[in-house]
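The block underneath contains the structure these notes are about, expressed in structure tokens.
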Amino acid sequence: MTEEQFPDFHVSTPSVYLDQWVWIRLARAANGSPREESDLDVLAAVRRASAAGIVFPLSLTHYFETSKITDPRQRFDLARVMASVSRYRTLRSRQVLIRHQVLHAMHECFGRPTFRPRRPQVLGTGVMWAATGEHGAFALYGRVGKVDVDTVPELRSWLGHVNQYAEFQMLAGPRDEEIVDLRSRYGYQPEAALQAAHSRLEWEEIYSQILADEPISRQELRVRIQAREMAHEHFNLLIELLTEYRLDLHRAIGLDPAKPRSGRQRMVRFADGIPSVRIAVDLKTELFRNPTRAWKMSALHDIDALSEALPYCHVVVPDADMADLLSRSKAGQRSGTRIVKRLQALPAELTALRERF
């Protein structure tokens, strides 16, 4: 494993990624029932920072984890704080961001594409930006087609409020009495996303059982997890890009069929050049090294969110467990991203971030 720095993919706007537990703590503080008294100071500091221009972007993981809260009132309270602080700013879809990262690694390792790929816009607005990488704001249509609301200031303001309301509802989720109608008329099936998540969890659990029967060295473990990550999570994207740039992967990594491990070192270097992949691999390696630790859905969500946020945000606030794992892998140093381990330390980090910009 090399100690090379990741390319600097940080967004130009000062940005702070808050894990879901932080938003929950802020929501409790906003409701007058903070878990710790210092949470009130953190909430005030976060609100001041947001008003001053620091972005607190949401990811698709936030929407998913919020949707699992069964109490509509709790979702509403949480969404209210998320909306007021994030202003519905979101990180772009992981598929779009990782596509660029893979292209960058191909350029650096294999010389294709021959040009350095253009960086995508990372920060956007709304759930569609987080889910698909494209903005999905509502438009107004009349009898003759789409209405140009810029010609009527009142309509533009009204449509802005409509979009804000829609974004809030997507974040807060439906009320209990709305679910039957949503299922029957619009095909609402939240369990489909849960099934996909459980399938990914099972993939990790199966390998954990294999390792329990056949333990291997840490170095070999990391290489195998890296191969699993590329094959299971990014195989279609990799094949698409290799085909697009007419690149033979075996030839690119110098694989000799008579020597099965001959292309291994260069393939590892290539995958390590994809920041989100490397972060995910390093975190999973640490988790797999503990055979007594059971895999949980929350761990997968954390890995998804952190591997997306670390290369782009200037400050990241994970939970204590993930902060420890990130520290072991030196992901923060490699990304040039500050990792805050204690919530009480966040106000000082926000002050320092404002001074940097």
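The values are calculated or read from the model by the stated rules, or taken from the named source; none is laboratory data. Keep in mind that this is a model prediction, so the values were computed, not measured. Cβ coordinates were reconstructed from backbone atoms using ideal geometry, including for glycine residues, and neighbour counts include every protein chain displayed. The protein model used for the area step is the full one, side chains on, heavy atoms only, and it has no ligands, DNA or RNA in it. Shrake-Rupley method; radii C 1.70, N 1.55, O 1.52, S 1.80 Å.
Surface composition of the stretch 131-198: carbon plus sulfur atoms hold 57% of the accessible area, using a 1.4 angstrom probe and ignoring ligands, DNA and RNA. Each 20 Å bin from zero holds the following percent of Cα-Cα pairs in the chain: 26, 56, 18, 1. Of the solvent-accessible surface of the stretch 1-89, computed with a 1.4 Å probe over protein heavy atoms with every protein chain present, carbon and sulfur atoms account for 50 percent.
Candidates M128, F115, A139 compared by Cα position along the dipole of the stretch 107-173: farthest toward the positive end lies F115, with charges placed on Cβ.
Compactness ratio for the stretch 209-279: Cα radius of gyration over 2.2 N^0.38 Å (N = residue count) comes to 1.21.
Semi-axes of the equivalent ellipsoid of the stretch 102-248 are 42, 27, 13 Å, computed as sqrt(5λ) over the eigenvalues of the C-alpha gyration tensor in descending order.
Across all Cα atoms of the stretch 174-243, the radius of gyration (one decimal) and Dmax (whole number) stand at 18.8, 54 Å. By the rule of a C-alpha distance below 24 Å, with chain neighbours fewer than 8 residues away ignored, the lysines paired with K68 are K284, K296. A83 sits among other residues whose Cβ lies under 13 Å from its own Cβ, and their net charge, with Lys and Arg +1 and Asp and Glu -1, is +3.
For the stretch 20-73, the spread of Cα positions along the three principal axes, ordered from largest to smallest, is 30, 26, 15 Å. Counting only Cα atoms, the stretch 135-218 measures 69, 34, 23 Å along its principal axes, largest extent leading. Working from Cα pairs under 8 Å separated by at least six residues, relative contact order for the stretch 208-286 is 39 percent. Just add up the charged neighbours of L238: K/R +1, D/E -1, any other residue whose Cβ is under 12 Å from the Cβ of L238. Cβ neighbours under 12 Å give a net charge of -3.
In the stretch 1-133, the alpha-carbon atoms span a convex hull of 141 Å³ per residue. Largest to smallest in accessible area, the residues E108, E229 fall in the order E108, E229 (1.4 Å probe, all protein chains included). Here the stretch 159-226 is treated with +1 on each Lys and Arg Cβ and -1 on each Asp and Glu Cβ, and its dipole about the Cα centre works out to around 260 debye. Each Lys and Arg adds +1 at its Cβ and each Asp and Glu adds -1 at its Cβ; summed about the Cα centre, the stretch 222-300 shows a dipole of about 420 debye. Stretching the chain fully between A258 and L194 yields a gain of 18.7 nm (0.36 nm per residue, less the alpha carbon separation).
Protein heavy-atom accessible surface, 1.4 Å probe, per residue over the chain: 53 Å². Scaled to the globular estimate 2.2 N^0.38 Å, the Cα spread of the stretch 150-189, given as radius of gyration, is 1.57.
Overall, the accessible surface of the stretch 212-357 at a probe of 1.4 angstrom is composed of carbon and sulfur to the extent of 49 percent.
Evaluated at q = 0.16, 0.19, 0.24 Å⁻¹, the base-10 log of the normalised Debye intensity for the stretch 238-318, with identical point scatterers placed on the Cα atoms, takes the values -0.81, -0.96, -1.10. Based on DSSP H segments of at least four residues, each scored -39500 (n - 2.57), the chain has a per-residue ellipticity at 222 nm of -18500 deg cm²/dmol. Where the alpha-carbon atoms of the stretch 182-324 are placed on the principal axes, they occupy 56, 39, 36 Å, in descending order. Net length available on complete extension from R328 to R269 is 19.3 nm, with 0.36 nm assigned per residue and the Cα-Cα distance removed. Using 0.36 nm per residue, how much length does the chain from D181 to K68 gain when fully extended, once their Cα-Cα distance is taken away? Contour length minus Cα-Cα distance gives 38.8 nm. Protection proxy ranking, highest mean first, for peptides 336-344, 310-318: 310-318, 336-344, where packing is the per-residue count of other beta-carbon atoms within 10 Å, averaged.
Computed from point charges on the beta carbon alone (+1 for Lys and Arg, -1 for Asp and Glu), the dipole magnitude for the stretch 140-273 about its Cα centre is near 740 Debye. Only Cα sites of the stretch 244-288 enter the Debye sum here, all with the same form factor; the resulting log10 I(q)/I(0) across q = 0.14, 0.21, 0.27, 0.31 1/Å is -0.44, -0.78, -0.92, -0.99, listed in q order. Among residues other than R48 with Cβ under 11 Å from its Cβ, the summed charge is +1 (Lys and Arg +1, Asp and Glu -1).
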